[in-house]
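In what follows, a structure is listed as structure tokens, so that the remarks can point back to it.
Coordinate-derived values only; no laboratory data. Since the structure is predicted, the reported quantities are computational estimates derived from the model, not experimental observations. Every residue, glycine among them, receives a Cβ derived from its backbone with ideal geometry; neighbour counts consider all protein chains shown.
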Amino acid sequence: MFHLKNVQFKNILNINELAIEAGKITCIVGESGSGKTTLLKLFNHLINFEQGQINYRGEDLKKLDAIALRREVILVPQTPVIFPGTVRDNLQIGLLFSKKEPAADERLLEEIHGLGLYKQLDDQTDTFSGGEKQRLALARVLLMDPEVLLLDEPTSALDDNTVDIVMDRILDYIKSRQKTLIMVTHSKQLAQVAGEINITLDKGSVLSIEEVA
């Protein structure tokens, strides 16, 4: 899905070569400051790398239309953007960005309930907790049906029980639709449970690549 060659970004990343397989769940782990989040942002051209080359499906990432790329390679940051308005507004805006038809209320409720977020579609989002915002943003992206899902610490604001609900839903989505997931996590335990390929970064370089049995 992605192939990186001699990629450098400031003094944060220095990757000689790295391949991300299509249809796999790849977890990126490492200590704080290892470059995990920066690497994630490179995959959908949210930031520009200074040297080297990244190919997406065999094409030079820098030559692709960035907006079109972000319609199929979608990043959910650790602190996601939640728009003023209702739950419904926040879910439908993703479909609008993706140039897809609005979804029926039943479909919207199915998605948020699948992530353990039991809110009404007319609820205002300004009082949501961090964990509720994370799940709302995840629901919005799953409705957009991306080819590649980029997640930055998707369970950081969740309790243990909710982590299981959210990860079960995400993994079911990825596997049932044969999508690609690249997830940054500080949790080595989560990486071992969820990941099929685990990449460890150290000071911006690839320290190890492990296939999880």
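Annotations
- Debye intensity ratio I(q)/I(0), log10, region 117-181, q values 0.14, 0.21, 0.27 Å⁻¹ (C-alpha model): -0.42, -0.92, -1.31
- Rounded to 10°, Cα long-axis angle of helix 105-114 versus longest principal axis of the chain: 60 degrees
- Table column - 3J(HN,Hα) (Hz), region 6-17, Karplus curve with 6.51, -1.76, 1.60, x for Gly and Pro: 6, 8, 10, 9, 6, 9, 9, 10, 8, 10, 5, 7
- Lys/Arg +1, Asp/Glu -1 at C-beta; region 2-211 dipole; positive extreme among L18, V148, L207: L18
- Antiparallel %, DSSP beta bridges [both residues in the chain], to 5: 55 percent
- Theoretical ellipticity at 222 nm over the chain - DSSP helices of four or more residues, -39500 (n - 2.57) apiece, nearest 500: -11000 deg cm²/dmol
- Student exercise, region 1-129 dipole from Lys, Arg, Asp, Glu Cβ charges, in Debye to nearest 20: 520 debye
- Between the Cα long axis of helix 130-144 and the first principal axis of the chain there is an angle of about 80°, rounded to the nearest 10.
- Gain in span if fully extended, E101 to S32, counting 0.36 nm per residue against the direct Cα distance: 20.9 nm
- In this rough spin-label picture, where each label sits 7 Å from Cα along the Cβ direction, the K63-N16 distance is 2.7 nm.
- For the chain, the fraction of alpha-carbon pairs in successive 10 Å shells from zero, as %: 8, 35, 36, 18, 3
- Taking 28 Å as the straight-line reach from the Cα of K100, the lysines in range (excluding those fewer than 8 positions away in the same chain) are K24, K41, K62, K63, K119, K133, K175, K179.
- A P(r) calculated from all alpha carbon pairs of region 72-131, with 10 Å bins opening at zero, reads 20, 57, 24 percent.
- Approximate shape of region 1-42 as ellipsoid semi-axes (Cα gyration tensor, √5λ), whole Å, largest first: 18, 14, 8
- With Cα atoms, 0 to 90° folded angle of helix 160-177 axis to the chain main axis: 70 degrees
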